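Below is one structure; the comments refer to it alone.
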2 protein chains.
Amino acid sequence: MPQYKLTYFDLRGWAEPARQLFHLSHTPYDDVRIPMADSEKSWEKLKDLLNVDGKFDIPQSAAICRFLARKFGYAGKNEQEEAWADAIVDQYKDFSVAFKTLIFAARAGKPQDEILKIRYEIFNPSRDAYFEILNGILEKNPSGYLVGDGLTWADLVIADNLHSLEKLKAMDDDNEMHQNLKKYKERIYSTPDLEDHIATRLDSEV
Amino acid sequence: MPQYKLTYFDLRGWAEPARQLFHLSHTPYDDVRIPMADSEKSWEKLKDLLNVDGKFDIPQSAAICRFLARKFGYAGKNEQEEAWADAIVDQYKDFSVAFKTLIFAARAGKPQDEILKIRYEIFNPSRDAYFEILNGILEKNPSGYLVGDGLTWADLVIADNLHSLEKLKAMDDDNEMHQNLKKYKERIYSTPDLEDHIATRLDSEV
């Protein structure tokens, strides 16, 4: 079995779906976590990395997750499903521009009125469009997963971000679409072989 | 052979690498172009789409290109090369946030001083970081391609965006790194089976 070393900050972030793929497939890996405080790098500049067998590195989180998903059987069952998993992750990446704008504004300690402006004018419209797409996909798929009839890495990426959105109080209790997505997240989070990991992991803000 | 229908606005944009993959592989396809003026959709809201055999659709440009690249043999020669092509395209997507911010500001007719502020404070730092990464990859690879020893879809995506950056006057004549990337772009653009397409295509701004 190849030796895997995953390097990321001590956060869930974009490393979390990769970590979940290791847990789901019972694959040992070296989970190297760079303490935020010890690093001169800012979170924005983080370069995540997967090293395989000490031989080659793969940068960029989505590429890392896709690589592991294909190896471990979570990339989709055929070329059509693989393309849909890819497309859903791209949709999330589009949304994550607005998500990061909000997170970075808060981290940078911007004034509250500026953060609220970003929340209502940039973040919420982007979230609403993204949630509508996710809901539409889930409504059409009786399996309860985003792609086909089984768990893919797209579910891991999306569910973990929904978890961050809950922590950010960006999912409303009185909004049916938001509640459907919350239930979807709980369904993915209760996947056997994932529950133990989720119960014991460091549950960072993002 | 499957029937392909690619729907996009009458632009190069993110459809261009997909069109180039059809040309490189001599695969007939239906190149459906929605006139910008006739559409109520704004460019920002465009949903690009590939339909295969009238049976299924694939949304999201990168997912479409990856799907076609794998079909036609331009995704990389092994799992490591595929992951690197993916990672390079993700790097471009990260940069494209700043690229789009500049393009949309100009399209929205924002005042010149605001556009210049975006150019110098948002666009240029992002471009410089991105160019450094591209140059580093090309310097280490004697083949002249970004991945392995042959053309991949990552080259098509990156070269076509470099072409847009030249048009935007975002590549400086007196900067060696910029000039290296310009030469790289010209090398990719002179690929047999691509030259005819490039000479006759609609060469839109982006």
note = Reported set for the stretch A:139-165 where residues are open to solvent by 30 Å² or more (accessible area, probe 1.4 Å) and in contact with a helix residue (DSSP H, G or I) (Cβ under 6 Å, 6 or more places away or on another chain) is A:TYR145
request  = Keeping to the stretch B:59-89, report how many residues are touching a residue at least 12 places away in the same chain (Cβ under 8 Å) and under 15 Å from A:ASP94 (Cβ atoms).
outcome  = 6
ask   = For the stretch A:95-206, list the helices (runs of 4 or more DSSP H) that sit wholly inside it and hold at least 1 residues that are under 24 Å from B:VAL97 (Cα atoms) and touching a Cys at 6+ places or on another chain (Cβ under 7 Å); which are they?
value = A:153-167
request  = Identify the residue in the stretch A:56-79 that is more than 10 Å from every other protein chain (Cβ to nearest Cβ) and not in a helix (DSSP H, G or I) and, among all such residues, is least open to solvent (accessible area, probe 1.4 Å).
outcome  = A:ALA75
inquiry  = Based on this model, can you work out whether A:ASP113 counts as surrounded by 19 or more Cβ atoms within 10 Å (Cβ to Cβ) and either over 21 Å from A:LYS167 (Cβ atoms) or free of Cβ contacts under 8 Å to residues at least 24 places away in the same chain (or both)?
reply    = no
message = For the stretch B:189-206, which positions are farther than 23 Å from B:PHE9 by Cβ, open to solvent by less than 70 Å² (accessible area, probe 1.4 Å) and touching a residue at least 12 places away in the same chain (Cβ under 8 Å)?
response = B:THR191
message = For the stretch B:6-47, give me each residue that is open to solvent by 50 Å² or more (accessible area, probe 1.4 Å), modelled with pLDDT under 85 and not in a helix (DSSP H, G or I).
response = B:PRO35, B:MET36, B:ALA37, B:ASP38, B:GLU40, B:LYS41, B:LYS47
ask   = Before we move on, is B:LEU102 under 21 Å from B:GLU176 (Cα atoms) and touching a residue at least 24 places away in the same chain (Cβ under 8 Å)?
value = no
request  = Search the stretch B:105-138 for residues being within 14 Å of another protein chain (Cβ to nearest Cβ) and within 17 Å of the chain's Cα centre (by Cα), and hand back the single one that is farthest from B:GLU81 (Cα to Cα).
outcome  = B:SER126
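The values are calculated or read from the model by the stated rules, or taken from the named source; none is laboratory data. This structure is a prediction, so every number in the text was calculated from the model and none was measured. Positions of Cβ are generated from backbone atoms using ideal geometry, with glycine treated the same way; all protein chains shown enter the neighbour counts. Keep in mind that these areas ignore ligands, DNA and RNA; they rest on the heavy atoms of the full protein, side chains included. Shrake-Rupley method; radii C 1.70, N 1.55, O 1.52, S 1.80 Å.
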